[in-house]
1. Among the numbered conditions (1) more than 17 Å from the chain's Cα centre (by Cα); (2) closer than 27 Å to A:Asn179 by Cβ, tell me where B:Lys90 comes up short.
2. For the stretch A:192-204, does any single residue satisfy the condition of being in the same structural domain as A:Ile162 (by TED's automatic domain parsing), basic (Lys, Arg), under 26 Å from A:Ile66 (Cβ atoms) and assigned to a loop (DSSP other than H, G, I, E, B)?
3. Given (1) touching a residue at least 60 places away in the same chain (Cβ under 8 Å); (2) within 30 Å of B:Phe28 (Cα to Cα); (3) acidic (Asp, Glu), where does A:Asp198 come up short, assuming only one miss?
4. Taking the stretch A:133-182 on its own, how many of its residues are of a type outside the set (Ser, Thr, Tyr), in a loop (DSSP other than H, G, I, E, B) and away from chain B (no Cβ under 14 Å)?
5. Checking A:Phe240 against (1) within 14 Å of another protein chain (Cβ to nearest Cβ); (2) outside any loop (DSSP other than H, G, I, E, B), only one condition comes out false. Which one?
6. From the list B:Leu71, B:Leu54, B:Leu36, B:Leu41, which one is touching a residue at least 24 places away in the same chain (Cβ under 8 Å) and in a loop (DSSP other than H, G, I, E, B)?
Amino acid sequence: MQNLLRFIRMYNVLIIFLFFQGLSINLYLNSNSFQNSVALEHANNYKGKIYSLTNNINEYFQLKKINKQLLNENTKLYNLINSNNKNSIENIKEYKYISSKIINNSIHKRDNFLTINKGNRHGVKPGMGVICENGVIGIIHSTTEKFSLIISILNKKSAISICLKRQNNYGSLKWNGFNYKKANIENIPNHVKVEIGDTIITNGYSTIFPSGINIGIVDSFKKNSESGNQDIIIKLFTDFNKIKHAYVVESDESREQLSLESLKDE
Amino acid sequence: MSKTIIKYIYQLPIFLLIQIYVLNEILFAAYINPYLYLIILIIMPIKTPKWFLLIYAFTFGLLIDVFSGNLGIHSTACLIMVIIKSSISKITIPHNIIEDTDELIMQKIGAKSFILFSSILIFIHHAILFLLEHAAFNFQILIKIILSTLITSIIIYITQLFFYKV
């Protein structure tokens, strides 16, 4: 017993170090499945409150810019109303939008998340898509009563299915973790003719986003003979550094589509 | 010594708020984020009790982690930085010129040894931080580590001027 006490007294620094190091590595490994970390779930609520406070002040200085954005969007929406009635085959799914304010945002990390000020209470549920006036932002990850957390497309885990507007080929959008203005496209085969400046849009197959939402334009591409797929780098339309408002996309028919498609697995 | 411990506990929320609300919003070249909060761990006197230093570093790292969404990254990096701090200080700082309770600032230990001392610590911290965050290693990450070290170092050199006592 005495030896044990002496041992502890001699190596107390090492023991404290190993204890905390083990704790933090454990946290690091477990927080990979983000939702599991209970601490973060709780912290999220408080964080939301704090960030919405500072955001109130911030927002005041950008009223002019936001006004302009809203005006632009209004005109866009008016145009949509006019064109909507014509192509009734294309718009099979109907979508509802929940407008929200972004209260926390990051772009410099490997895994970026955003927080918005709408939650369970307003009908936001995990798995819904989030867009802004310029393009896609991400997918709802988890929600609390008043706030929800979005996995932005600037995240290692996000993969959004896209298509080339001109050629109608499908691929997926990934982010390699460095520049928030650019992202990569995977799974476009070598034989597809891609040109610089081609527009990339969401495809309507996924139940998360409506089809035809702009994502970005092709910045550069390279044929890769090893994988048989091209390495395409695109420039995102959404400037993640500046976004202030977001729209959560909600669709009842999506749920119906999902439940129908899940039948085939049984 | 307990006086200094209380002083550092006071300073924790100040640096935490600066880091979260000011510096996390600043980006150089689109992905470089300065981490000023390291200064408080770097300038702590050599004779600070080790247990306090470790608990402090862990708490600080964890708080930064919670606010940036990825648990365990900053706390791991901070703990490793703190545990090797004493051995780095033995190599870089001439020991006869400082007292036990002196903060390790440029005024006390000289510009050359401060720059060397803090740069090594910041580099180690950033290397661990970004390797854990990206869970990969390639040329781009190396560039990110080096550039971030440079910018954090510059900001820390400037900030430690405020710690001067006339």
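1. Just one mismatch for B:Lys90, condition (2).
2. No - not one qualifying residue is present in the stretch A:192-204.
3. Evaluating A:Asp198 over (1) touching a residue at least 60 places away in the same chain (Cβ under 8 Å); (2) within 30 Å of B:Phe28 (Cα to Cα); (3) acidic (Asp, Glu) leaves (1) as the failure.
4. So the count comes out to 12.
5. (2) is the only condition that A:Phe240 fails.
6. B:Leu36
For (1) surrounded by fewer than 16 Cβ atoms within 10 Å (Cβ to Cβ); (2) more than 11 Å from every other protein chain (Cβ to nearest Cβ); (3) modelled with pLDDT under 85, each residue gets a yes or a no:
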| position | (1), (2), (3) |
| --- | --- |
| B:Ser2 | yes, yes, yes |
| B:Ile20 | no, no, yes |
| B:Leu38 | no, yes, no |
| B:Leu41 | no, yes, no |
| B:Pro49 | yes, no, yes |
| B:Ala57 | no, no, no |
| B:Gly61 | no, no, no |
| B:Ser87 | yes, yes, no |
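Every residue, every condition in (1) within 16 Å of the chain's Cα centre (by Cα); (2) within 12 Å of another protein chain (Cβ to nearest Cβ); (3) not hydrophobic (A, V, I, L, M, F, W, C), yes or no:
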site	(1), (2), (3)
B:His125	yes, no, yes
B:Ile128	yes, yes, no
B:Leu132	no, yes, no
B:Asn138	no, yes, yes
B:Ile141	no, yes, no
B:Lys144	no, yes, yes
B:Thr152	yes, no, yes
B:Tyr157	yes, no, yes
B:Gln160	yes, no, yes
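The values are calculated or read from the model by the stated rules, or taken from the named source; none is laboratory data. Quick caveat, the model's predicted, so the values are computed rather than measured. Glycine also receives a Cβ, built like all others from the backbone with ideal geometry; neighbour counts cover every protein chain displayed.
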